[in-house]
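Working notes, beginning with the structure itself.
The values are calculated or read from the model by the stated rules, or taken from the named source; none is laboratory data. This structure is a prediction, so every number in the text was calculated from the model and none was measured. Neighbour counts run over all protein chains shown; Cβ positions are idealised from the backbone, glycine included. Protein only, heavy atoms only, side chains kept; ligands, DNA and RNA dropped before computing areas. Shrake-Rupley method; radii C 1.70, N 1.55, O 1.52, S 1.80 Å.
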Amino acid sequence: MTPAIPPHPQARSPWPSSGPCAQAELPGCKIRITSTALELVKQEGLRFLEQELETITIPDLRGREGHFYYNISEVKVMELQLTSSELHFQPEQELMLQINNGSLGLRFRRQLLYWFFYDGGYINASAEGVSIHTALQLSRDPTGRIKVSNVSCQASVSRMHAAFGGTFKKVYEFLSMFITSGIRFLLNQQICPVLYHAGTVLLNSLLDTVPGELVRVGLRALGPALELEWGWGGGWVRSYQDPVASASSLDMEFRGAFFPLADGNWSLRNQAVEPQLPEEERMVYVAFSEFFFDSAMESYFRAGALKLSLVGAKVPHDLDMLLRATYFGNIVLLSPAEIDSPLKLELRVTAPPRCTIKPSGTTISVTASVTIALVPPDQPEVKLSSMTMDVRLSAKMALRGKVLRTQLDLRRFRIYSNQSALESLALIPLQAPLKTMLQIGVMPMLNERTWRGVQIPLPEGIDFVREVVTNHVGFLTIGADLHFAKGLREVIEKNRPANTRDPRAPSAPPPSMAAV
(Lines give C-alpha, C1' and ligand atoms only; values in the text may rest on other atoms or scores of the structure.)
Protein backbone atom coordinates (compact mmCIF):
# COMPACT_ATOMS: atom_id res chain seq x y z
CA MET A 1 0.00 0.00 0.00
CA THR A 2 1.29 3.45 -0.87
CA PRO A 3 2.05 5.37 2.32
CA ALA A 4 -0.04 8.41 3.16
CA ILE A 5 1.33 11.64 1.74
CA PRO A 6 2.35 14.27 4.29
CA PRO A 7 0.35 17.52 4.25
CA HIS A 8 1.64 20.56 2.44
CA PRO A 9 3.99 22.43 4.79
CA GLN A 10 2.34 25.80 4.13
CA ALA A 11 -1.31 24.84 4.43
CA ARG A 12 -3.67 22.73 6.43
CA SER A 13 -4.29 19.39 4.83
CA PRO A 14 -7.62 19.10 2.96
CA TRP A 15 -7.53 15.33 3.21
CA PRO A 16 -9.82 13.34 5.42
CA SER A 17 -8.23 11.88 8.53
CA SER A 18 -4.83 10.44 7.75
CA GLY A 19 -4.19 6.73 7.72
CA PRO A 20 -5.71 3.80 5.85
CA CYS A 21 -9.13 5.46 5.45
CA ALA A 22 -7.59 8.27 3.40
CA GLN A 23 -6.02 5.78 1.02
CA ALA A 24 -9.21 3.71 0.71
CA GLU A 25 -11.13 6.61 -0.80
CA LEU A 26 -11.81 6.36 -4.51
CA PRO A 27 -10.22 8.88 -6.89
CA GLY A 28 -12.44 11.65 -8.18
CA CYS A 29 -10.35 12.23 -11.28
CA LYS A 30 -8.25 10.11 -13.58
CA ILE A 31 -5.97 11.15 -16.41
CA ARG A 32 -4.71 8.87 -19.17
CA ILE A 33 -1.96 9.71 -21.65
CA THR A 34 -2.13 7.30 -24.57
CA SER A 35 0.56 6.11 -26.93
CA THR A 36 -1.03 8.33 -29.59
CA ALA A 37 0.29 11.34 -27.68
CA LEU A 38 3.83 9.98 -27.66
CA GLU A 39 4.40 10.68 -31.35
CA LEU A 40 3.71 14.38 -30.79
CA VAL A 41 5.75 14.39 -27.59
CA LYS A 42 8.56 12.57 -29.37
CA GLN A 43 8.76 15.15 -32.15
CA GLU A 44 8.98 18.02 -29.71
CA GLY A 45 11.22 16.07 -27.33
CA LEU A 46 13.72 15.10 -30.02
CA ARG A 47 14.12 18.73 -31.02
CA PHE A 48 14.89 19.56 -27.42
CA LEU A 49 17.19 16.54 -27.07
CA GLU A 50 19.14 17.51 -30.17
CA GLN A 51 19.70 20.98 -28.72
CA GLU A 52 20.81 19.51 -25.39
CA LEU A 53 23.26 17.07 -26.96
CA GLU A 54 24.74 19.90 -28.97
CA THR A 55 25.85 21.39 -25.64
CA ILE A 56 28.10 18.38 -24.91
CA THR A 57 31.47 19.52 -23.66
CA ILE A 58 34.28 17.07 -24.47
CA PRO A 59 37.56 17.53 -22.57
CA ASP A 60 40.79 18.08 -24.46
CA LEU A 61 42.51 14.98 -25.74
CA ARG A 62 46.25 14.85 -25.82
CA GLY A 63 48.72 12.02 -26.06
CA ARG A 64 51.67 10.35 -27.79
CA GLU A 65 52.00 7.32 -29.99
CA GLY A 66 55.61 6.67 -30.86
CA HIS A 67 56.94 9.83 -32.48
CA PHE A 68 53.42 11.10 -33.03
CA TYR A 69 52.20 13.79 -30.59
CA TYR A 70 48.67 15.12 -30.73
CA ASN A 71 46.50 17.67 -28.90
CA ILE A 72 42.78 17.85 -29.70
CA SER A 73 40.84 20.76 -28.19
CA GLU A 74 37.70 22.88 -28.67
CA VAL A 75 35.57 19.87 -29.60
CA LYS A 76 32.06 21.02 -30.48
CA VAL A 77 28.97 19.23 -31.71
CA MET A 78 27.88 21.09 -34.84
CA GLU A 79 24.85 19.03 -35.83
CA LEU A 80 22.89 16.00 -34.72
CA GLN A 81 20.67 13.72 -36.76
CA LEU A 82 18.41 11.27 -34.95
CA THR A 83 16.92 9.46 -37.92
CA SER A 84 15.45 6.40 -36.20
CA SER A 85 13.73 6.77 -32.84
CA GLU A 86 10.95 5.22 -30.82
CA LEU A 87 9.15 6.45 -27.68
CA HIS A 88 6.88 4.07 -25.81
CA PHE A 89 5.51 3.19 -22.39
CA GLN A 90 6.97 0.30 -20.48
CA PRO A 91 5.26 -1.24 -17.47
CA GLU A 92 5.25 -0.40 -14.66
CA GLN A 93 6.35 3.23 -14.45
CA GLU A 94 8.73 3.91 -17.29
CA LEU A 95 8.85 5.89 -20.48
CA MET A 96 11.36 4.41 -22.92
CA LEU A 97 13.26 6.32 -25.61
CA GLN A 98 15.32 4.37 -28.14
CA ILE A 99 17.47 6.04 -30.78
CA ASN A 100 19.39 4.00 -33.34
CA ASN A 101 21.79 4.84 -36.17
CA GLY A 102 22.05 8.50 -35.29
CA SER A 103 24.95 10.69 -36.34
CA LEU A 104 26.88 13.61 -34.94
CA GLY A 105 28.81 16.29 -36.80
CA LEU A 106 31.88 17.48 -34.88
CA ARG A 107 34.48 20.16 -35.29
CA PHE A 108 37.70 20.40 -33.29
CA ARG A 109 41.08 22.01 -33.30
CA ARG A 110 44.13 19.82 -34.03
CA GLN A 111 47.75 20.31 -33.02
CA LEU A 112 49.92 17.52 -34.40
CA LEU A 113 53.66 16.92 -34.21
CA TYR A 114 55.41 14.10 -36.11
CA TRP A 115 59.19 14.08 -35.77
CA PHE A 116 60.03 17.69 -36.72
CA PHE A 117 56.86 18.36 -38.67
CA TYR A 118 54.10 20.39 -37.01
CA ASP A 119 50.58 20.97 -38.27
CA GLY A 120 47.53 22.69 -36.75
CA GLY A 121 44.06 23.83 -37.68
CA TYR A 122 40.42 22.77 -37.47
CA ILE A 123 38.97 19.46 -38.62
CA ASN A 124 35.42 18.35 -39.33
CA ALA A 125 34.57 14.87 -38.06
CA SER A 126 31.50 12.68 -37.96
CA ALA A 127 30.33 10.17 -35.37
CA GLU A 128 28.08 7.50 -36.81
CA GLY A 129 26.07 4.65 -35.39
CA VAL A 130 24.92 6.67 -32.39
CA SER A 131 22.62 4.56 -30.21
CA ILE A 132 20.83 5.82 -27.11
CA HIS A 133 18.51 3.78 -24.90
CA THR A 134 16.96 5.82 -22.09
CA ALA A 135 14.25 5.00 -19.55
CA LEU A 136 12.51 7.68 -17.50
CA GLN A 137 11.02 6.40 -14.24
CA LEU A 138 8.01 8.41 -13.06
CA SER A 139 6.88 8.54 -9.45
CA ARG A 140 5.63 10.89 -6.75
CA ASP A 141 7.94 13.22 -4.91
CA PRO A 142 7.41 13.85 -1.14
CA THR A 143 4.74 16.49 -1.89
CA GLY A 144 2.79 14.15 -4.18
CA ARG A 145 3.82 15.74 -7.48
CA ILE A 146 4.51 13.57 -10.52
CA LYS A 147 8.25 13.75 -11.20
CA VAL A 148 11.03 12.00 -13.10
CA SER A 149 12.66 10.09 -10.24
CA ASN A 150 15.39 8.34 -12.18
CA VAL A 151 16.94 8.10 -15.63
CA SER A 152 18.71 4.97 -16.80
CA CYS A 153 20.80 5.29 -19.91
CA GLN A 154 22.96 3.34 -22.32
CA ALA A 155 24.71 5.22 -25.12
CA SER A 156 27.36 4.29 -27.66
CA VAL A 157 29.03 5.60 -30.80
CA SER A 158 30.12 2.79 -33.08
CA ARG A 159 32.51 4.62 -35.41
CA MET A 160 34.07 7.97 -36.20
CA HIS A 161 35.70 9.54 -39.21
CA ALA A 162 37.87 12.65 -39.29
CA ALA A 163 38.49 14.52 -42.57
CA PHE A 164 42.17 15.38 -42.31
CA GLY A 165 43.71 17.58 -44.98
CA GLY A 166 46.93 19.33 -45.72
CA THR A 167 50.35 18.27 -46.92
CA PHE A 168 50.56 15.23 -44.66
CA LYS A 169 47.01 14.04 -45.27
CA LYS A 170 47.96 10.40 -45.85
CA VAL A 171 50.08 10.25 -42.74
CA TYR A 172 47.30 11.80 -40.66
CA GLU A 173 44.69 9.41 -41.98
CA PHE A 174 46.86 6.51 -40.92
CA LEU A 175 47.43 7.95 -37.45
CA SER A 176 43.92 9.35 -36.98
CA MET A 177 42.70 6.06 -35.49
CA PHE A 178 44.31 7.07 -32.21
CA ILE A 179 42.53 10.41 -32.24
CA THR A 180 39.10 9.23 -33.31
CA SER A 181 39.13 6.32 -30.87
CA GLY A 182 39.86 8.73 -28.04
CA ILE A 183 37.15 11.16 -29.08
CA ARG A 184 34.65 8.32 -29.47
CA PHE A 185 35.43 7.10 -25.96
CA LEU A 186 34.97 10.59 -24.50
CA LEU A 187 31.76 11.11 -26.47
CA ASN A 188 30.32 7.87 -25.10
CA GLN A 189 31.02 9.14 -21.60
CA GLN A 190 29.29 12.49 -22.14
CA ILE A 191 25.93 11.53 -23.67
CA CYS A 192 24.29 9.90 -20.63
CA PRO A 193 25.12 12.64 -18.10
CA VAL A 194 23.48 15.16 -20.45
CA LEU A 195 20.38 12.97 -20.73
CA TYR A 196 20.27 12.43 -16.96
CA HIS A 197 20.43 16.17 -16.38
CA ALA A 198 17.77 16.80 -19.04
CA GLY A 199 15.40 14.31 -17.36
CA THR A 200 15.89 14.87 -13.64
CA VAL A 201 16.45 18.63 -13.76
CA LEU A 202 15.12 20.19 -16.94
CA LEU A 203 12.09 17.95 -17.50
CA ASN A 204 11.20 18.22 -13.83
CA SER A 205 11.34 22.00 -14.12
CA LEU A 206 8.70 21.62 -16.86
CA LEU A 207 6.58 19.41 -14.57
CA ASP A 208 6.89 22.10 -11.90
CA THR A 209 4.79 24.37 -14.15
CA VAL A 210 1.78 22.11 -13.56
CA PRO A 211 -0.58 23.93 -11.15
CA GLY A 212 0.65 23.32 -7.64
CA GLU A 213 -0.93 21.42 -4.80
CA LEU A 214 -2.90 24.49 -3.77
CA VAL A 215 -4.14 26.47 -6.75
CA ARG A 216 -6.55 29.30 -6.18
CA VAL A 217 -9.60 29.25 -8.36
CA GLY A 218 -10.84 32.67 -9.41
CA LEU A 219 -14.06 32.68 -7.44
CA ARG A 220 -13.48 35.69 -5.19
CA ALA A 221 -16.23 37.60 -7.03
CA LEU A 222 -18.86 35.14 -5.82
CA GLY A 223 -18.41 36.33 -2.25
CA PRO A 224 -15.92 38.40 -0.28
CA ALA A 225 -14.80 35.44 1.82
CA LEU A 226 -14.74 32.79 -0.89
CA GLU A 227 -11.52 31.47 -2.29
CA LEU A 228 -11.06 27.83 -3.17
CA GLU A 229 -7.78 26.01 -3.32
CA TRP A 230 -7.30 22.67 -4.87
CA GLY A 231 -4.52 20.29 -5.85
CA TRP A 232 -4.12 16.82 -7.36
CA GLY A 233 -4.98 14.39 -4.65
CA GLY A 234 -5.60 16.93 -1.89
CA GLY A 235 -7.37 18.58 -4.73
CA TRP A 236 -5.21 18.15 -7.87
CA VAL A 237 -1.52 17.81 -7.38
CA ARG A 238 -1.41 14.97 -4.89
CA SER A 239 -1.89 11.66 -6.60
CA TYR A 240 -2.90 8.49 -4.80
CA GLN A 241 -0.13 6.38 -6.28
CA ASP A 242 2.74 6.45 -8.71
CA PRO A 243 1.76 6.62 -12.40
CA VAL A 244 0.96 3.21 -13.86
CA ALA A 245 2.24 2.48 -17.36
CA SER A 246 1.01 -0.19 -19.70
CA ALA A 247 2.09 -0.90 -23.24
CA SER A 248 -0.45 1.60 -24.60
CA SER A 249 -0.98 4.26 -21.91
CA LEU A 250 0.12 6.01 -18.73
CA ASP A 251 -2.63 6.30 -16.10
CA MET A 252 -2.73 8.68 -13.13
CA GLU A 253 -5.29 8.92 -10.33
CA PHE A 254 -6.10 12.07 -8.34
CA ARG A 255 -8.39 12.88 -5.49
CA GLY A 256 -9.92 15.79 -7.42
CA ALA A 257 -11.53 17.67 -4.54
CA PHE A 258 -12.28 21.30 -3.70
CA PHE A 259 -12.26 22.73 -0.19
CA PRO A 260 -12.77 26.22 1.24
CA LEU A 261 -9.81 28.12 2.64
CA ALA A 262 -11.77 29.08 5.73
CA ASP A 263 -12.22 25.41 6.63
CA GLY A 264 -9.12 23.70 5.32
CA ASN A 265 -9.45 20.72 7.68
CA TRP A 266 -12.84 19.82 6.21
CA SER A 267 -13.18 17.40 3.33
CA LEU A 268 -16.19 15.83 1.65
CA ARG A 269 -16.14 12.06 1.68
CA ASN A 270 -16.11 10.53 -1.78
CA GLN A 271 -19.03 8.13 -2.18
CA ALA A 272 -19.40 8.52 -5.94
CA VAL A 273 -18.79 5.98 -8.66
CA GLU A 274 -15.13 5.52 -9.56
CA PRO A 275 -14.46 7.11 -12.98
CA GLN A 276 -13.22 4.80 -15.71
CA LEU A 277 -11.09 5.37 -18.81
CA PRO A 278 -12.07 2.75 -21.37
CA GLU A 279 -10.83 4.54 -24.50
CA GLU A 280 -7.42 5.10 -26.09
CA GLU A 281 -8.09 6.73 -29.47
CA ARG A 282 -7.29 10.32 -28.40
CA MET A 283 -4.01 11.56 -27.01
CA VAL A 284 -5.35 12.34 -23.53
CA TYR A 285 -8.43 11.35 -21.54
CA VAL A 286 -9.63 13.00 -18.34
CA ALA A 287 -12.45 11.45 -16.28
CA PHE A 288 -14.38 13.24 -13.53
CA SER A 289 -16.80 11.59 -11.13
CA GLU A 290 -19.79 13.31 -9.54
CA PHE A 291 -17.60 13.80 -6.45
CA PHE A 292 -15.43 16.34 -8.31
CA PHE A 293 -18.40 18.64 -8.91
CA ASP A 294 -20.11 17.87 -5.60
CA SER A 295 -17.04 18.90 -3.62
CA ALA A 296 -16.91 22.23 -5.48
CA MET A 297 -20.59 22.97 -4.79
CA GLU A 298 -20.26 21.84 -1.17
CA SER A 299 -17.33 24.23 -0.78
CA TYR A 300 -19.39 27.07 -2.27
CA PHE A 301 -22.16 26.24 0.17
CA ARG A 302 -19.86 26.10 3.20
CA ALA A 303 -18.24 29.38 2.17
CA GLY A 304 -21.66 31.08 2.17
CA ALA A 305 -21.50 32.00 -1.49
CA LEU A 306 -24.74 30.40 -2.67
CA LYS A 307 -27.12 33.23 -1.83
CA LEU A 308 -28.52 36.24 -3.61
CA SER A 309 -30.24 39.29 -2.17
CA LEU A 310 -32.14 41.83 -4.29
CA VAL A 311 -33.38 45.01 -2.62
CA GLY A 312 -35.34 47.97 -3.96
CA ALA A 313 -34.42 48.90 -7.52
CA LYS A 314 -32.55 45.60 -8.03
CA VAL A 315 -35.88 43.75 -7.95
CA PRO A 316 -37.36 43.79 -11.48
CA HIS A 317 -40.22 46.31 -11.63
CA ASP A 318 -42.85 43.88 -12.92
CA LEU A 319 -41.90 41.32 -10.27
CA ASP A 320 -42.03 44.00 -7.56
CA MET A 321 -45.59 44.91 -8.55
CA LEU A 322 -46.66 41.26 -8.72
CA LEU A 323 -45.23 40.46 -5.29
CA ARG A 324 -46.89 43.49 -3.70
CA ALA A 325 -50.20 42.49 -5.27
CA THR A 326 -49.81 38.89 -4.10
CA TYR A 327 -49.19 39.91 -0.50
CA PHE A 328 -51.49 42.93 -0.55
CA GLY A 329 -53.51 41.52 2.34
CA ASN A 330 -50.40 41.46 4.55
CA ILE A 331 -49.06 44.82 3.39
CA VAL A 332 -52.24 46.89 4.02
CA LEU A 333 -52.08 45.98 7.72
CA LEU A 334 -48.68 47.65 8.07
CA SER A 335 -47.85 51.26 8.89
CA PRO A 336 -47.54 53.79 6.01
CA ALA A 337 -43.75 53.88 6.40
CA GLU A 338 -43.56 50.10 6.04
CA ILE A 339 -46.01 49.98 3.12
CA ASP A 340 -43.88 52.35 1.04
CA SER A 341 -40.54 50.71 1.98
CA PRO A 342 -38.38 48.86 -0.59
CA LEU A 343 -39.07 45.22 -1.33
CA LYS A 344 -36.43 42.61 -0.61
CA LEU A 345 -36.17 39.26 -2.38
CA GLU A 346 -33.60 36.86 -0.91
CA LEU A 347 -32.63 33.48 -2.36
CA ARG A 348 -30.48 31.24 -0.17
CA VAL A 349 -29.43 27.68 -0.96
CA THR A 350 -30.38 25.54 2.03
CA ALA A 351 -28.42 22.37 1.25
CA PRO A 352 -25.33 21.61 -0.84
CA PRO A 353 -26.33 21.16 -4.51
CA ARG A 354 -25.75 17.72 -5.96
CA CYS A 355 -24.60 16.69 -9.41
CA THR A 356 -26.05 13.72 -11.30
CA ILE A 357 -24.25 12.43 -14.38
CA LYS A 358 -26.08 10.12 -16.77
CA PRO A 359 -25.52 9.19 -20.41
CA SER A 360 -28.40 11.54 -21.28
CA GLY A 361 -26.72 14.55 -19.66
CA THR A 362 -25.52 16.21 -16.47
CA THR A 363 -27.94 17.84 -14.06
CA ILE A 364 -27.50 19.82 -10.84
CA SER A 365 -30.26 19.79 -8.23
CA VAL A 366 -30.62 22.85 -6.00
CA THR A 367 -32.98 23.49 -3.09
CA ALA A 368 -33.24 27.08 -1.86
CA SER A 369 -35.38 29.23 0.36
CA VAL A 370 -37.06 32.34 -1.06
CA THR A 371 -37.80 35.09 1.45
CA ILE A 372 -39.92 38.12 0.56
CA ALA A 373 -39.78 41.08 2.94
CA LEU A 374 -40.10 44.85 3.22
CA VAL A 375 -37.08 46.77 4.51
CA PRO A 376 -38.10 50.12 6.04
CA PRO A 377 -35.18 52.53 6.55
CA ASP A 378 -33.61 52.22 10.00
CA GLN A 379 -36.16 49.62 11.06
CA PRO A 380 -36.23 45.82 11.23
CA GLU A 381 -37.36 44.21 8.00
CA VAL A 382 -40.92 42.96 7.77
CA LYS A 383 -41.16 39.39 6.51
CA LEU A 384 -44.07 38.81 4.12
CA SER A 385 -43.51 35.21 3.12
CA SER A 386 -41.04 32.37 2.98
CA MET A 387 -41.15 29.56 0.43
CA THR A 388 -39.01 26.72 -0.87
CA MET A 389 -37.66 26.60 -4.41
CA ASP A 390 -36.55 23.43 -6.20
CA VAL A 391 -34.39 24.03 -9.26
CA ARG A 392 -32.85 21.60 -11.71
CA LEU A 393 -30.07 22.88 -13.93
CA SER A 394 -28.56 21.15 -16.93
CA ALA A 395 -24.78 21.47 -17.13
CA LYS A 396 -22.79 21.26 -20.35
CA MET A 397 -19.05 20.71 -19.90
CA ALA A 398 -16.45 21.93 -22.36
CA LEU A 399 -12.67 21.95 -22.43
CA ARG A 400 -11.02 25.07 -23.86
CA GLY A 401 -7.24 25.19 -23.93
CA LYS A 402 -6.62 23.56 -20.57
CA VAL A 403 -9.64 25.01 -18.73
CA LEU A 404 -12.72 22.96 -17.88
CA ARG A 405 -15.74 25.24 -18.36
CA THR A 406 -19.42 24.75 -17.51
CA GLN A 407 -22.52 26.23 -19.15
CA LEU A 408 -25.68 26.07 -17.02
CA ASP A 409 -29.28 26.13 -18.24
CA LEU A 410 -32.47 26.29 -16.14
CA ARG A 411 -34.56 23.20 -16.89
CA ARG A 412 -36.99 22.80 -14.00
CA PHE A 413 -38.39 25.26 -11.48
CA ARG A 414 -40.93 24.79 -8.69
CA ILE A 415 -41.88 26.81 -5.61
CA TYR A 416 -44.04 25.72 -2.72
CA SER A 417 -44.91 26.92 0.77
CA ASN A 418 -43.48 25.53 3.94
CA GLN A 419 -46.66 26.52 5.78
CA SER A 420 -49.58 24.90 3.97
CA ALA A 421 -50.80 23.38 0.72
CA LEU A 422 -53.28 26.24 0.37
CA GLU A 423 -50.48 28.80 0.37
CA SER A 424 -48.63 26.69 -2.20
CA LEU A 425 -51.64 27.05 -4.50
CA ALA A 426 -51.57 30.80 -3.98
CA LEU A 427 -47.93 30.85 -5.12
CA ILE A 428 -48.70 29.41 -8.56
CA PRO A 429 -48.96 32.90 -10.16
CA LEU A 430 -45.38 33.59 -8.97
CA GLN A 431 -43.91 30.56 -10.75
CA ALA A 432 -43.52 32.15 -14.18
CA PRO A 433 -42.17 35.59 -13.11
CA LEU A 434 -39.72 34.06 -10.62
CA LYS A 435 -38.48 31.63 -13.25
CA THR A 436 -38.07 34.52 -15.69
CA MET A 437 -36.13 36.45 -13.06
CA LEU A 438 -33.78 33.48 -12.58
CA GLN A 439 -33.27 33.10 -16.32
CA ILE A 440 -32.65 36.80 -16.95
CA GLY A 441 -30.99 37.95 -13.75
CA VAL A 442 -29.34 34.99 -12.04
CA MET A 443 -28.32 32.48 -14.72
CA PRO A 444 -26.13 34.93 -16.71
CA MET A 445 -24.26 35.79 -13.50
CA LEU A 446 -23.73 32.12 -12.66
CA ASN A 447 -22.59 31.30 -16.17
CA GLU A 448 -20.17 34.20 -16.16
CA ARG A 449 -18.51 32.58 -13.13
CA THR A 450 -18.67 28.93 -14.19
CA TRP A 451 -17.43 29.71 -17.71
CA ARG A 452 -14.18 30.96 -16.20
CA GLY A 453 -13.63 27.33 -15.36
CA VAL A 454 -10.85 25.53 -13.56
CA GLN A 455 -7.51 24.50 -14.99
CA ILE A 456 -6.71 20.89 -15.76
CA PRO A 457 -3.16 20.07 -14.59
CA LEU A 458 -0.99 20.32 -17.69
CA PRO A 459 2.53 21.72 -18.00
CA GLU A 460 2.96 25.23 -19.33
CA GLY A 461 2.86 25.53 -23.11
CA ILE A 462 0.60 22.48 -23.70
CA ASP A 463 -3.12 22.82 -24.48
CA PHE A 464 -6.01 20.51 -25.28
CA VAL A 465 -7.59 20.63 -28.75
CA ARG A 466 -10.42 18.78 -30.52
CA GLU A 467 -12.05 17.71 -27.27
CA VAL A 468 -15.02 15.31 -27.04
CA VAL A 469 -17.15 15.05 -23.87
CA THR A 470 -18.90 11.74 -23.15
CA ASN A 471 -21.31 11.13 -20.29
CA HIS A 472 -21.49 7.82 -18.45
CA VAL A 473 -23.34 6.65 -15.35
CA GLY A 474 -21.82 8.60 -12.47
CA PHE A 475 -18.90 10.15 -14.34
CA LEU A 476 -17.93 11.88 -17.56
CA THR A 477 -14.84 11.60 -19.75
CA ILE A 478 -13.18 14.19 -21.94
CA GLY A 479 -11.00 12.97 -24.77
CA ALA A 480 -8.70 15.45 -26.48
CA ASP A 481 -5.54 15.82 -28.46
CA LEU A 482 -2.53 17.86 -27.38
CA HIS A 483 -1.07 20.99 -28.93
CA PHE A 484 2.24 22.61 -28.08
CA ALA A 485 1.37 26.31 -27.84
CA LYS A 486 5.00 26.94 -26.87
CA GLY A 487 8.14 25.05 -27.75
CA LEU A 488 9.58 22.74 -25.12
CA ARG A 489 12.85 24.64 -25.18
CA GLU A 490 11.07 27.97 -24.61
CA VAL A 491 9.19 26.72 -21.54
CA ILE A 492 12.19 24.93 -20.02
CA GLU A 493 14.51 27.89 -20.51
CA LYS A 494 11.95 30.14 -18.88
CA ASN A 495 11.67 27.87 -15.83
CA ARG A 496 15.18 26.44 -15.75
CA PRO A 497 16.69 26.62 -12.25
CA ALA A 498 19.42 29.25 -12.19
CA ASN A 499 22.07 26.96 -10.69
CA THR A 500 21.59 24.00 -13.01
CA ARG A 501 22.65 25.27 -16.40
CA ASP A 502 25.71 23.04 -16.48
CA PRO A 503 24.80 19.46 -17.39
CA ARG A 504 27.92 18.38 -15.54
CA ALA A 505 26.43 19.68 -12.29
CA PRO A 506 26.12 17.28 -9.33
CA SER A 507 22.66 16.18 -10.49
CA ALA A 508 24.28 14.13 -13.24
CA PRO A 509 25.61 10.67 -12.42
CA PRO A 510 29.28 9.82 -13.04
CA PRO A 511 29.90 8.80 -16.65
CA SER A 512 30.88 5.31 -15.56
CA MET A 513 27.39 4.83 -14.14
CA ALA A 514 25.50 6.38 -17.02
CA ALA A 515 27.28 5.42 -20.17
CA VAL A 516 27.71 1.90 -21.45
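The number of residues in segment 178-200 being over 33 Å from the mean Cα position of the chain (by Cα) and open to solvent by less than 10 Å² (accessible area, probe 1.4 Å) comes to 3. When A485, A515, A508 are screened for being of a type outside the set (D, E, K, R), modelled with pLDDT under 70 and either touching a strand residue (DSSP E or B) at 6+ places or on another chain (Cβ under 7 Å) or at positive phi (or both), only A515 passes.
Filtered by the rule that a residue be of a type in the set (A, V, I, L, M, F, W, C), farther than 13 Å from I478 by Cβ and open to solvent by less than 30 Å² (accessible area, probe 1.4 Å), segment 269-302 gives A272, F291, F293, A296, M297. The residue pairs whose first member lies in segment 296-315 and is closer than 12 Å to V349 by Cα and among the aromatic types (F, W, Y), whose second member is modelled with pLDDT under 85 and not in a loop (DSSP other than H, G, I, E, B), and whose beta carbons are closer than 9 Å, counting only pairs six or more residues apart or on different chains, are Y300/L222; Y300/L228; Y300/P260. Meeting the requirement of 2 or more residues that are closer than 20 Å to S420 by Cα and either modelled with pLDDT under 90 or open to solvent by 60 Å² or more (accessible area, probe 1.4 Å) (or both), the strands (runs of 3 or more DSSP E) wholly within segment 313-389 are 361-374. Which residues, taken from segment 105-156, are open to solvent by 40 Å² or more (accessible area, probe 1.4 Å), in contact (Cβ under 8 Å) with a residue 60 or more places away in the chain and assigned to a strand (DSSP E or B)? Once the filter is applied, which keeps residues that are open to solvent by 40 Å² or more (accessible area, probe 1.4 Å), in contact (Cβ under 8 Å) with a residue 60 or more places away in the chain and assigned to a strand (DSSP E or B), segment 105-156 yields Y114, R140, Q154, S156. Limited to segment 62-104, what total is found for residues that are touching a residue at least 60 places away in the same chain (Cβ under 8 Å), open to solvent by less than 30 Å² (accessible area, probe 1.4 Å) and of a type in the set (A, V, I, L, M, F, W, C)? Selection size over segment 62-104: 5. Exactly one residue out of V130, V75 is at pLDDT below 85 and within 19 Å of F185 (Cα to Cα), and it is V75.
Pairing residues of segment 393-419 that are at positive phi with residues that are not hydrophobic (A, V, I, L, M, F, W, C), at Cβ distances under 8 Å and at least 6 apart in sequence or on separate chains, gives G401/D463. Among all positions in segment 20-32, there is no residue which is under 23 Å from E86 (Cα atoms), surrounded by 17 or more Cβ atoms within 10 Å (Cβ to Cβ), touching a Leu at 6+ places or on another chain (Cβ under 6 Å) and modelled with pLDDT under 85.
Residues in segment 464-477 that are surrounded by fewer than 21 Cβ atoms within 10 Å (Cβ to Cβ), out of contact with any Gly (no Cβ under 6 Å at 6 or more places or on another chain) and on the phi < 0 side of the Ramachandran plot: V465, E467, V469, T470, N471, H472, V473. The single condition among (1) hydrophobic (A, V, I, L, M, F, W, C); (2) open to solvent by 30 Å² or more (accessible area, probe 1.4 Å); (3) in contact with a helix residue (DSSP H, G or I) (Cβ under 8 Å, 6 or more places away or on another chain) that A421 does not satisfy is (3).
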